[in-house]
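Structure record follows, encoded as structure tokens.
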Amino acid sequence: TNRTFTMIKPDAVQNGHIGNILAMITNGGFKIVSLKLTQLTVADAQAFYAVHAARPFYGELVEFMSRGPIVAAILEKDNAVEDFRTLIGATNPAEAAEGTIRKAYATSIGENAVHGSDSDENAAIEVFLHSISYTECYNPKRFDRQ
Ligand code: GTP
Ligand code: MG
């Protein structure tokens with residue numbers, strides 16, 4: 001697919017990095033086709049990260065992801081999922097490559113600034129969840145003239 005889903009997580013929003021992260025995303029060749037400043041409920045965060053429900057950090061992850069505003073976005077680019085994972089860098093910022101978003105803005109493995117879909121299948125699911133949650137701003141066709 002040529003689409004992926006991202007969230008600028010509560011730590012990065014709180015630390016004032018929305019603008020710089022969006023700049024890294026667009027400078028990386030991604031087109032933003034939907035964008036929303038919002039906040040996950042505890043139930044939203046539990047559902048989004050349900051795949052990690054059995055992990056020891058799940059409670060901490062859900063608490064973190066729902067504690068403040070996030071920016072949710074759909075991004076378009078050839079090879080979007082893989083290229084965006086490259087742009088965000090490793091989950092643990094100590095292992096993230098130079099030039100990646102997490103190298104620049106993540107503070108720990110738990111508070112790591114951004115989410116990126118990890119497969120085409122999950123990207124499609126996350127884009128769909130975003131589209132039904134935020135119908136009022138989801139209209140990629142609006143961008144077709146650009
Ligand atoms: P996402 O893009 O957010 O899905 O991150 P990821 O795909 O790089 O990592 P993964 O899906 O394995 O883990 C999801 C999220 O759980 C991570 O981004 C972290 O915020 C959190 N997480 C993962 N491992 C740990 C950990 O060992 N401790 C804590 N506190 N959080 C973790
Ligand atoms: Mg993941």
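None of the figures in this text is laboratory data; all of them are computed from the coordinates on show. Since the structure is predicted, the reported quantities are computational estimates derived from the model, not experimental observations. Here the Cβ positions follow ideal geometry from the backbone for every residue, glycine too, while neighbour counts run over all protein chains shown.
In deg cm²/dmol and to the nearest 500, what is the mean residue ellipticity at 222 nm of the chain if only DSSP H runs of at least 4 residues count, each as -39500 (n - 2.57), divided by the residue total?
-11000 deg cm²/dmol
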Q.
Straight-line reach from K9: which aspartates and glutamates fall under 17 Å, measuring Cα to Cα and dropping same-chain residues less than 8 apart?
A. D44, E60, E63, E111, D118, E126
Q.
Could you tell me the relative contact order of the chain? Use alpha-carbon pairs under 8 Å, at least six residues apart, and round to a whole percent.
A. 36 percent
Q: Report the full-extension gain for the segment E98 to E63: residue separation times 0.36 nm, less the Cα-Cα distance, to one decimal in nm.
A: 9.7 nm
Q: Could I get the Rg over Rh figure for the chain? Both from C-alpha atoms, Rh via Kirkwood, rounded to two places.
A: 0.93
Q: Set the Förster distance to 30 Å, then compute FRET efficiency between N27 and H52 from the Cβ-Cβ distance, nearest 0.05.
A: 0.50
Q: Evaluate the distance, in nm, between pseudo-label points positioned 7 Å from the Cα of L35 and of I18 along their respective Cα→Cβ axes.
A: 0.9 nm
Q. Cα centroid distance between the range 11-80 and the range 97-124, in Å?
A. 9 Å
